[in-house]
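Read through the structure below, which is laid out as structure tokens, and then see the notes.
The values are calculated or read from the model by the stated rules, or taken from the named source; none is laboratory data. Keep in mind the model is a prediction, meaning the values are calculated, not measured. Backbone-built Cβ (ideal geometry, glycine too); neighbour counts: all protein chains shown.
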Amino acid sequence: MDSRIATIGPAWLDRHEYPFASKWAAVSGGRLHYVDEGSGSPTLLVHGTPTWSFEYRHVIRAVSDSNRCVAPDHLGFGLSDRPRAASYAPEAHADRLREFVNAVGLDRFAMVVHDFGGPIGLPLALEGRVTRLVILNSWMWPFDDDREMANRARFAAGAMGRWMYRHLNASLRLIMPSAYGRRANLTKAIHRQYLEPFRDRDARVLVLWALARALLGSSAFYRDLYAHAERLRAIPTKIIWGMKDSAFRPYQLERWRKLLPEATVLTLEHAGHWPHEEAPAEVAEAIASFVA
């Protein structure tokens with residue numbers, strides 16, 4: 001059952017930045033929080049780690065002017081439930097996302113994916129449910145042949161990585177700021193909206209470190225996705241890429257270009273891993289016009 005909560009939320013939630021009504025949908029393991037704004041052809045926004053639907057607030061405003069825009073928080077993230085017994089591997093998130101789109105009545109839809117939102121959301125595209133696709137600094141392949149990514153992932157998955165996630169909140173306090181093209185673009189007020197859901201140390205290990213481990217630990221899942229990647233060529237696709245991303249570098253963009261040669265590409269030279277945060281007006285308009 002869904003329930004609408006127009007203005008109530010945690011005390012830290014900035015309703016000026018995120019003025020949308022909250023809704024909830026039941027999936028395996030708990031309830032997903034989501035926003036559902038506008039009407040018309042639907043667009044699904046799939047976030048990554050360590051964020052939540054707040055990262056899409058500018059896109060939601062732009063898209064919902066003329067279309068329906070649906071943005072869930074994955075289980076464990078944002079305002080969604082965080083059960084200890086759930087799996088927080090990307091393949092489990094992908095299964096729950098499929099449950100979610102069925103629960104909210106999405107049959108065929110445009111989709112925007114960012115970061116881990118790629119491997120979480122792209123199974124729906126491979127199943128033929130996505131009419132138009134936007135990719136923001138993301139991936140869908142294993143890192144077997146990428147020594148740089150594999151080495152970083154191996155460190156994050158180890159004992160020191162776990163300690164850093166738990167005690168230093170590494171994902172949010174260290175990695176996130178360093179992945180911006182210009183650190184000053186991540187203001188204290190906006191950063192707080194991402195920090196607050198993970199004040200609890202156990203939650204950082206349960207949810208965030210689970211995805212850090214999954215960079216290599218879910219390689220079989222990525223390998224299966226990538227084996228069917230050519231199916232994406234049938235979907236009109238736009239790639240928007242922040243070129244100063246310290247996590248997903250330009251060579252990852254080139255891999256997408258080779259995989260999807262017909263895709264249109266917008267590069268943002270001064271943006272990092274979150275181009276929709278660092279160039280919000282440009283990215284939101286580019287997405288809204290593409291999915292319209």
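Scan region 230-246 for residues that are under 21 Å from Glu148 (Cβ atoms) and either of a type in the set (D, E, K, R) or assigned to a helix (DSSP H, G or I) (or both) and jot them down.
Residues satisfying the conditions are Lys244, Asp245.
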Run down Ala26, Ala71, Ala21, Ala86 and say which single residue is closer than 30 Å to Leu174 by Cα and surrounded by fewer than 22 Cβ atoms within 10 Å (Cβ to Cβ). Ala86
At least 3 residues that are closer than 25 Å to Phe20 by Cβ in each: list the helices (runs of 4 or more DSSP H) lying fully within region 69-183 that qualify. 90-103, 117-126
Within region 274-291, which residues are in contact with a helix residue (DSSP H, G or I) (Cβ under 8 Å, 6 or more places away or on another chain) and either farther than 27 Å from Glu148 by Cα or not charged (D, E, K, R) (or both)? Trp274, Pro275, His276, Pro280, Ala281, Val283, Ala284, Glu285, Ile287, Ala288, Val291
Residues of region 247-292 being in contact (Cβ under 8 Å) with a residue 40 or more places away in the chain, aromatic (Phe, Trp, Tyr) and over 16 Å from Arg57 (Cβ atoms), in sequence order, are Phe248, Trp256, Phe290
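Rundown of residues vs (1) over 17 Å from the mean Cα position of the chain (by Cα); (2) over 27 Å from Gly158 (Cβ atoms), yes/no style:
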{"site": "Ala214", "(1), (2)": "no, no"}
{"site": "Met243", "(1), (2)": "yes, yes"}
{"site": "Arg255", "(1), (2)": "yes, no"}
{"site": "Lys258", "(1), (2)": "yes, yes"}
{"site": "Leu268", "(1), (2)": "yes, yes"}
{"site": "Ala271", "(1), (2)": "no, yes"}
{"site": "Ala281", "(1), (2)": "yes, yes"}
{"site": "Glu285", "(1), (2)": "yes, yes"}
Could you say whether any residue in region 140-159 is touching a residue at least 40 places away in the same chain (Cβ under 8 Å) and within 14 Å of the chain's Cα centre (by Cα)? yes
When you check Val59 against the structure, is it buried (at least 19 other Cβ atoms within 10 Å of the Cβ), in contact with a Leu (Cβ under 8 Å, 6 or more places away or on another chain), in contact (Cβ under 8 Å) with a residue 12 or more places away in the chain and not in a strand (DSSP E or B), yes or no? yes
What are the residue pairs meeting all of these: first residue in region 202-230, first residue polar (S, T, N, Q), second residue crowded, with 17+ Cβ neighbours inside 10 Å and part of a helix (DSSP H, G or I), Cβ atoms under 8 Å, and 6 or more apart or on different chains? Ser218/Pro90; Ser218/Glu91; Ser218/Pro119
Any pair with Cβ under 9 angstrom, 6 or more apart, that starts in region 175-193 at a residue that is free of Cβ contacts under 8 Å to residues at least 12 places away in the same chain and ends at one that is assigned to a helix (DSSP H, G or I) and of a type outside the set (D, E, K, R): Arg183/Pro177
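In region 273-292, what residues are modelled with pLDDT of 95 or more, outside any helix (DSSP H, G or I) and surrounded by fewer than 24 Cβ atoms within 10 Å (Cβ to Cβ)?
Ala279
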